[in-house]
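J.: Dumping the structure here so I can ask a few things about it.
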Amino acid sequence: MSDNANPTSPSDALFMQAERGVLPLVELFNAAQALIDDGAPQAAVRLYEQWLAHAHSPLAYAVWFNLAICHSGIGDDRRAEGDYLKAIALNPGYIEARLHLGALYERQGRADDALATWQAILTNVPDLPANETLHVQTLNFIARLLEHGKRLPEAAAVLTQSLQHKSDQPAVTAHWVHLRQKLCRWPVWQAFDAVTVEQQKRHTSALTMLGASNDPAELLAAAQRFAAAKVPSDLPPLCDPAGYPHRRIRIGYLSSDLCTHAVSMLTAELYELHDRSRMEVYAFSWSREDESPLRARVVGAMDHYVRIDRMTDEAAARTIRGHEIDVLVDLHGLTQGARPGILAWRPAPVQVAWLGFPGPTAVPGIDYVIADAFVLPPGLEPHFTERPLRMPHTFQINDRRRISGAPTDRAAQGLPAEGFVFCSFNSTAKITPDMFAAWMRILRRVPGSVLWLLAEEDETRDNLARAAAAQGVEGNRLVFAARVPPPDYLARLPLADLFLDTAPYNAGTTASDALWAGLPLLTCAGRTFCGRMAGSLLHAAGLPELVTHALSDYEELAVALATDRARLAALRRRLAENRNSSPLFDTPRFVRDYEDLLASVVRRPAGVPLREEPAPVDAVPYPPPAHSSARQEDMLALLRPGLHTVVEVGGATLAQAWRARQPNSHFVGIGSTAPAQDWSTRFVVADPEALDADAWRQLAPAQCWLFPETLERLRDPWTFLQTIRREALGKVELVACVNNGQNWLVQSLLASGNLHYQEDGVPDRRSLHLFTRASLEALLRDCGFHLVDIRAVQAHQPDTAMVAALRQLALAAGADAEMAERDALPTQYLLRAVAGAGQA
């Protein structure tokens, strides 16, 4: 086509201008964005690449930046990283590129690289102070990453710098205050520069306020400030307020803590014990994939597990509404990562707060809070926006399947062999100066006693040791425990003699752990929900005498128990005797009471008959298939035990065999037709390469994708694998069986002109690609997967003449004859690959 010819389309013209280097920058950006909006991001990438190859502009760094965003959007982080680095090389002062590059590293789990990239902004951009917005943003990014990495003193120092540059930052102030709580920097509220104590109190988060105040009015005010600033209050409700005519109650749990977290440690058995004849259990989750056994157990216990990570609050709420949830239970409250905006859309007729946040939420749309008569007495009701649903014994459920580790001894934990051991394993954020002073008075009155604490930061330990010395207690009487896995943590609790609770923010899960381990706990009940939690648990455990209501009584009882070993031993015996019968640890009874409580508020349309739904059958073990091929067994051997969600592309041929091994896992099949006998938990009748965005959101939790001779049947395996990696919500892996296109028989058929596609053979009529070992490795590498295991499946072997011919052909082509012979022998390859370059 000549330069004067009319192009076939406006897009062609743009590409021609880019190729000639004459496409103006603004038109380039607009055209690329239009392609992205039209669902053609790859075309936008090619347009940018053509422009960069032929244009010469001092603003090329901005094009590299946009190209990086395009590459990142299609899941090609490797090229995106290179693009950002080129943008920075062309313009070292380009702060936005450095911020985005750090965000990419953080998303990949490369926290150290992200931190170094952002810290380089502070040292390598000389005019940074002139750009206050980006300067403060950089500091806040660094502080957040330091806090996530548990480098709390450094995070606090960077937040201090941020507030010195810009004092009016409510969220930054809230984090700064909370870090001081964790580090035991007393007083927690302390003025500096332009940041006043009044401002700090005004911006203290509702979560931080739980440990800072015994006044229920202050806790409600903090929650109301948060809700007013963050949660819309005028949204139209999505649900049908009259309810739905289901035969079973559809209960939905809303949480980001369905992983190794205190909430799941309490509730894991609940999901397993729900009565499926009356309840259908959903999870709407944005939890991290920590690959823990606890997470696999929780997810496996759900009837429906729906990821909402990448949905907006409105989209998530509409998804919940689409499932016609009768009762939506929020397990998050106002803790970090909360999404109260979902509840503000009211996707369910009844919405309940429970466990995640032990205080009022003030979130529009939450109707009730799960409580009991002790933890939320009538006098406290005016300080809650939610109405109490009171359990008959205690608000807190427990998991009887928690596992204790091997027994240990005092010496192994750095404790004295003799003397009384008080302990408090609550978060250091719950320790207040008044509480600590009471503990020091107790230590002074009990000679030879020690206080065993959990404090991870050196500064926290130093601050507590200095506070002890100031009150006449030697520093060596504070013993600091290291953080250990939950089984080991439970195993060491019995080494202590008495657990000293904190106030005004009591122990919750930690109190249950202590009582389960047989360790008596002493509490001082206050005026707030969070200040009465341990008292509720002690009443349910049959130890109400360990609940005090004044700090002076708390001190006296602690000293009395420490000096009367017989009395304390009697308490331990009663705790052990009651463990399996007390309401606190009678989980089946708790679940029945809880289900009855929710049933009392479920709404059903008046006069509308219930829909007929098939009654659920009792769960039975999945029988292994009567016959399975060697190839299927070999593929199953490559799957890691404990995977909670597996997807098979092209059918569900492995569903029965896998679920016979992992009955609580989810197996999703995708194919053009559903199998006659479907052993999968869900089958998606669809072209895998034509899945819409909603389908990909539902598949995003999958930990493993299976391709039993189906990878070569995809029209575009490269794009499909890139989409899997991009959409995955955690570490994702592939297990595939792929026919070897370099097999000696295929080569001989090609050479003789007799390569005919077959109904079931090599090549299969459905195969669109021939892969060799080398091209498989290249495919995986290009799509961001790391090959960790590849096994050759061999069938018929070639004769000597064929081997010699293969070697001769390789030599004629300049290839390695030994490798050519080796790669011609396998009929198929079995492989396992994981996303990224991490370890399997």
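The values are calculated or read from the model by the stated rules, or taken from the named source; none is laboratory data. Quick caveat, the model's predicted, so the values are computed rather than measured. Every residue, glycine as well, gets a Cβ built from its backbone with ideal geometry; the counts of neighbours run over all protein chains shown.
J.: Which of the residues that make up the range 259-272 are crowded, with 21+ Cβ neighbours inside 10 Å and either under 20 Å from T681 (Cα atoms) or of a type in the set (F, W, Y) (or both)?
T.: If the condition is that a residue be crowded, with 21+ Cβ neighbours inside 10 Å and either under 20 Å from T681 (Cα atoms) or of a type in the set (F, W, Y) (or both), then Y271 is the only one that fits.
J.: Tally time: how many residues in the range 289-343 are part of a loop (DSSP other than H, G, I, E, B) and over 18 Å from the mean Cα position of the chain (by Cα)?
T.: Residues of the range 289-343 part of a loop (DSSP other than H, G, I, E, B): 289-292, 302-303, 308-312, 323-326, 331-339.
From the residues that got through so far, the ones that are over 18 Å from the mean Cα position of the chain (by Cα) too are 303, 323-326.
Result for the range 289-343: 5.
J.: Failed condition for A728, given (1) touching a residue at least 12 places away in the same chain (Cβ under 8 Å); (2) out of contact with any helix residue (DSSP H, G or I) (no Cβ under 8 Å at 6 or more places or on another chain); (3) more than 23 Å from R288 (Cβ to Cβ), with all others met?
T.: (3)
J.: Out of (1) modelled with pLDDT under 80; (2) surrounded by fewer than 20 Cβ atoms within 10 Å (Cβ to Cβ), the odd one out for H644 is which?
T.: Here H644 clears every test but (2).
J.: Condition first: over 30 Å from L219 (Cα atoms), surrounded by fewer than 18 Cβ atoms within 10 Å (Cβ to Cβ) and in contact with a strand residue (DSSP E or B) (Cβ under 9 Å, 6 or more places away or on another chain). Can you find one or more residues in the range 555-569 that meet it?
T.: Among the residues of the range 555-569, at least one is over 30 Å from L219 (Cα atoms), surrounded by fewer than 18 Cβ atoms within 10 Å (Cβ to Cβ) and in contact with a strand residue (DSSP E or B) (Cβ under 9 Å, 6 or more places away or on another chain), which makes the answer yes.
J.: So if I check each of P701, P717, P663, P688, which one is of a type outside the set (A, V, I, L, M, F, W, C), in contact with a Lys or Arg (Cβ under 8 Å, 6 or more places away or on another chain) and in the same structural domain as S767 (by TED's automatic domain parsing)? Step through it out loud before you land on a result.
T.: Details: P717 fails: in contact with a Lys or Arg (Cβ under 8 Å, 6 or more places away or on another chain); P663 fails: in contact with a Lys or Arg (Cβ under 8 Å, 6 or more places away or on another chain); P688 fails: in contact with a Lys or Arg (Cβ under 8 Å, 6 or more places away or on another chain).
The match here is P701.
J.: So, one more: Filter the range 259-285 down to residues that are assigned to a loop (DSSP other than H, G, I, E, B) and modelled with pLDDT of 90 or more and give me whichever is nearest to N398 (Cα to Cα).
T.: If we filter the range 259-285 for residues that are assigned to a loop (DSSP other than H, G, I, E, B), which is where we start, we get 259-261, 274-278.
Still in the running and modelled with pLDDT of 90 or more: 274-275, 278.
Details: H274: 14, D275: 17, R278: 21 Å.
Here the answer is H274.
J.: Considering the range 101-140 alone, what residues qualify as being within 22 Å of the chain's Cα centre (by Cα) and within 28 Å of L52 (Cβ to Cβ)?
T.: Passing the criteria: G102, A103, L104, Y105, E106, R107, Q108, R110, D113, A114.
J.: Out of all the residues in the range 666-679, which are modelled with pLDDT of 85 or more, surrounded by 16 or more Cβ atoms within 10 Å (Cβ to Cβ) and either in the same structural domain as D303 (by TED's automatic domain parsing) or more than 21 Å from R295 (Cβ to Cβ) (or both)?
T.: G669, I670, G671
J.: Mind checking whether some residue in the range 346-358 is in a helix (DSSP H, G or I) and basic (K, R)? Even if it seems obvious, please write down each step before you answer.
T.: Kept after step one, since they are in a helix (DSSP H, G or I), are these residues of the range 346-358: none.
No, the range 346-358 contains no residue that is in a helix (DSSP H, G or I) and basic (K, R).
J.: Under 6 Å by Cβ, and 6 or more places apart or on different chains, what pairs join a residue from the range 743-757 that is at pLDDT below 80 with one that is assigned to a loop (DSSP other than H, G, I, E, B)?
T.: From residues that are at pLDDT below 80, the pairs are Y757/P763; Y757/R765.
J.: Moving to a separate point now. How many residues does the range 119-141 hold that are more than 17 Å from A157 (Cβ to Cβ) and buried (at least 21 other Cβ atoms within 10 Å of the Cβ)?
T.: Number satisfying all stated conditions: 0.
J.: I'd like to check something: does the range 181-193 contain any residue that is within 23 Å of H135 (Cα to Cα) and in a loop (DSSP other than H, G, I, E, B)? Break it down into steps so the answer makes sense when it comes.
T.: First, the residues of the range 181-193 that are within 23 Å of H135 (Cα to Cα): 191-193.
Remaining after also requiring in a loop (DSSP other than H, G, I, E, B): 191, 193.
Yes; the residues of the range 181-193 include at least one that is within 23 Å of H135 (Cα to Cα) and in a loop (DSSP other than H, G, I, E, B).
J.: Spot the failing condition for A116; the list is (1) surrounded by fewer than 18 Cβ atoms within 10 Å (Cβ to Cβ); (2) touching a residue at least 12 places away in the same chain (Cβ under 8 Å); (3) under 30 Å from E154 (Cα atoms), and only one is missed.
T.: The number of the failed condition is (2).
J.: While we're looking at this one, here's another question. With the range 769-840 as the region, which helices (runs of 4 or more DSSP H) entirely inside it contain at least 1 residues that are over 24 Å from A637 (Cβ atoms) and in contact with a helix residue (DSSP H, G or I) (Cβ under 6 Å, 6 or more places away or on another chain)?
T.: On the way: elements: 773-782, 800-812, 817-824.
Helices (runs of 4 or more DSSP H) meeting the threshold: 800-812, 817-824.
J.: Could you list all residues from the range 304-322 that are of a type outside the set (K, R) and surrounded by fewer than 18 Cβ atoms within 10 Å (Cβ to Cβ)? If you could, list the steps in order and put the result at the bottom.
T.: So the first thing to find is which residues in the range 304-322 are of a type outside the set (K, R), and the list is 304-306, 308-309, 311-317, 319-320, 322.
H304, D309, T312, E314, A315, G322 - these are the residues of the range 304-322 that are of a type outside the set (K, R) and surrounded by fewer than 18 Cβ atoms within 10 Å (Cβ to Cβ).
J.: Moving to a separate point now. How many residues, within the range 818-840, are among the hydrophobic types (A, V, I, L, M, F, W, C), farther than 22 Å from C737 by Cβ and buried (at least 16 other Cβ atoms within 10 Å of the Cβ)?
T.: Summing the residues that are among the hydrophobic types (A, V, I, L, M, F, W, C), farther than 22 Å from C737 by Cβ and buried (at least 16 other Cβ atoms within 10 Å of the Cβ) in the range 818-840 gives 1.
J.: Give me the pairs, please: first residue somewhere in the range 211-227 and under 21 Å from G508 (Cα atoms), second residue anywhere and aromatic (F, W, Y), beta-carbon distance under 6 Å, and either six or more positions apart or on two chains.
T.: Going by the 6 Å Cβ cut-off, the qualifying pairs are G211/Y505.
J.: Give the range 359-386 a look and list any residue that's within 23 Å of R339 (Cβ to Cβ) and part of a strand (DSSP E or B), or say none. Step through it out loud before you land on a result.
T.: Taking the range 359-386 and keeping what is within 23 Å of R339 (Cβ to Cβ), we get 359-371, 384-386.
Correct list: Y368, V369, I370, A371.
J.: So, one more: How many residues does the range 516-551 contain that are part of a loop (DSSP other than H, G, I, E, B) and of a type outside the set (A, V, I, L, M)? Talk me through it step by step, then tell me what you get.
T.: First, the residues of the range 516-551 that are part of a loop (DSSP other than H, G, I, E, B): 517-520, 525-532, 541-543, 549-550.
Then keep just the ones that are of a type outside the set (A, V, I, L, M); that gives 518, 520, 526-532, 542, 549.
Adding up the residues that qualify gives 11.
J.: Separate question: Are there any strands (runs of 3 or more DSSP E) wholly within the range 444-515 with 3 or more residues that are crowded, with 20+ Cβ neighbours inside 10 Å, and if so which?
T.: On the way: elements: 450-454, 478-481, 498-500.
So the answer is 450-454, 498-500.
J.: Out of the residues in the range 153-165 meeting the condition of being in contact with a Leu (Cβ under 8 Å, 6 or more places away or on another chain) and surrounded by fewer than 21 Cβ atoms within 10 Å (Cβ to Cβ), tell me which one is farthest from K182 (Cα to Cα).
T.: Checked the range 153-165; the qualifying residue farthest from K182 (Cα to Cα) is H165.
Okay, residues lined up against (1) within 20 Å of G149 (Cβ to Cβ); (2) out of contact with any helix residue (DSSP H, G or I) (no Cβ under 7 Å at 6 or more places or on another chain):
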{"residue": "A87", "(1), (2)": "no, no"}
{"residue": "Y94", "(1), (2)": "no, no"}
{"residue": "G102", "(1), (2)": "yes, no"}
{"residue": "Q108", "(1), (2)": "yes, no"}
{"residue": "D113", "(1), (2)": "yes, no"}
{"residue": "Q119", "(1), (2)": "yes, no"}
{"residue": "T123", "(1), (2)": "yes, yes"}
{"residue": "P129", "(1), (2)": "no, no"}
{"residue": "L134", "(1), (2)": "no, no"}
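J.: Among the residues of the range 702-757, write down those that are among the hydroxyl-bearing types (S, T, Y) and buried (at least 17 other Cβ atoms within 10 Å of the Cβ). Explain how you work it out, then say what you get.
T.: Filtering the range 702-757 down to residues among the hydroxyl-bearing types (S, T, Y) leaves 710, 719, 723, 748, 752, 757.
Passing the criteria: T710, T723.
J.: Of everything in the range 570-585, what is surrounded by 12 or more Cβ atoms within 10 Å (Cβ to Cβ) and basic (K, R)? Give them in sequence order.
T.: R572, R574, R579 - these are the residues of the range 570-585 that are surrounded by 12 or more Cβ atoms within 10 Å (Cβ to Cβ) and basic (K, R).
J.: When both residues are 6+ apart or on different chains and their Cβ atoms are under 8 Å apart, which pairs have a first residue that lies in the range 555-573 and is farther than 19 Å from R445 by Cα, and a second that is surrounded by 17 or more Cβ atoms within 10 Å (Cβ to Cβ)?
T.: L571/P520; L571/L543; L571/L546; L571/L561; R572/L519; R572/P520
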